[in-house]
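In what follows, a structure is listed as structure tokens, so that the remarks can point back to it.
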């Protein structure tokens, strides 16, 4: 029997760029209807990510350091485009399919699912044409969300909803970095920001590939990061060159950037590889091009994801080759508090929001 779907739902609306005050908790938002090729997901849990904060604050804007808010309205989205308000954010979704649009088989009804985060933009012919759920279209900070059926992955697992919701953005970002830079058995891999959602995922996923992990994290989090599988953990305040020596690392998986960035290239061996998917310590860095070409280094950015990345991730979950790291859950109405805790970074793993039950 088809599940009864209410006319309205609870959701958090992002009403503009700014601080937590632009997040509006509402209980009267119309439930969206799935169009052709789409499914309606009843959201059970939704993780919090850096992209939620960055999009809200217009951090991605090239004018992010400008005092003019109007200049950020034109390129404040993650892809450098204007964000359409109001928007329901939430790039991580775990839930169940409760309705299907035209062309989607009824067999999808009732499936426990995860939504991919980085999706192929249907309006783009380029393989690098991406869109993010919760940014270009409404996401999971709500009781219901519409998603393309092709980007909605069935998952068979006994993990809790919160545990599954910790995966889509962080783990697919980490897996994509390892996939695109070619991490393999025997590599020595340095992971910055190793205590965060993407970083803790990268530690686990790198160990899954039988590579050696050198992690960088806050001193208070070193033991927790080691428990995830890191072979060696350095404090953010330690000198990596002093502790490891030059030319000692095969791959750098960087989520931090910032003022210490030049040291990362000095650590890389000749022919070493570097890949970035974040810049939480600052996006502007200094590059000595001589280091780049004299050491035959490869530098890559990582956003676009091949479909196989998320398919592989679901397989790792179902075979229990990785394990979730959920620090805490919050009711959806406490999103401002949850995001404040997220920005404080005093934890290891993920923070997850739980929407109210549908009545």
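Within segment 59-78, not a single residue is modelled with pLDDT of 90 or more and either farther than 30 Å from residue 158 by Cβ or surrounded by fewer than 16 Cβ atoms within 10 Å (Cβ to Cβ) (or both). All told, residue 216 falls short of being crowded, with 17+ Cβ neighbours inside 10 Å, farther than 19 Å from residue 321 by Cβ and assigned by TED's automatic domain parsing to the domain that holds residue 333.
Output the helices (runs of 4 or more DSSP H) that fall wholly within segment 288-359 and possess 1 or more residues being within 15 Å of the chain's Cα centre (by Cα) and surrounded by 17 or more Cβ atoms within 10 Å (Cβ to Cβ), or say none.
Working: elements: 289-294, 307-318, 335-344.
Output list reads 307-318, 335-344.
Across segment 143-162, the number of residues qualifying as buried (at least 21 other Cβ atoms within 10 Å of the Cβ) and farther than 20 Å from residue 122 by Cα comes to 3.
For segment 7-29, which residues satisfy the criterion of being in contact with a strand residue (DSSP E or B) (Cβ under 8 Å, 6 or more places away or on another chain) and more than 19 Å from residue 341 (Cβ to Cβ)?
Filtering segment 7-29 down to residues in contact with a strand residue (DSSP E or B) (Cβ under 8 Å, 6 or more places away or on another chain) leaves 7-15, 22-29.
Within segment 7-29, 7, 8, 9, 10, 11, 13, 15, 24, 26, 27, 28, 29 meet the criteria.
Pairs meeting the criteria (first residue in segment 182-196 and more than 12 Å from residue 267 (Cβ to Cβ), second residue assigned to a loop (DSSP other than H, G, I, E, B), beta carbons under 6 Å, at least 6 apart or on different chains) are 183/209; 183/211; 185/210; 187/211; 193/255; 193/256; 195/348. In segment 125-192, counting only strands (runs of 3 or more DSSP E) that sit wholly within it, the ones holding 3 or more residues that are at pLDDT 95 or above, in contact with a strand residue (DSSP E or B) (Cβ under 9 Å, 6 or more places away or on another chain) and outside the structural domain of residue 42 (by TED's automatic domain parsing) span 188-191. Taken over segment 94-112, the criterion of being assigned to a loop (DSSP other than H, G, I, E, B) and either under 10 Å from residue 42 (Cα atoms) or out of contact with any helix residue (DSSP H, G or I) (no Cβ under 9 Å at 6 or more places or on another chain) (or both) is satisfied by 102, 109, 110, 111.
Of all the residues in segment 15-33, those that are part of a loop (DSSP other than H, G, I, E, B) and surrounded by fewer than 12 Cβ atoms within 10 Å (Cβ to Cβ) number 1.
The values are calculated or read from the model by the stated rules, or taken from the named source; none is laboratory data. As the structure is a prediction and not an experimental result, all values here were calculated from the model. Glycine also receives a Cβ, built like all others from the backbone with ideal geometry; neighbour counts cover every protein chain displayed.
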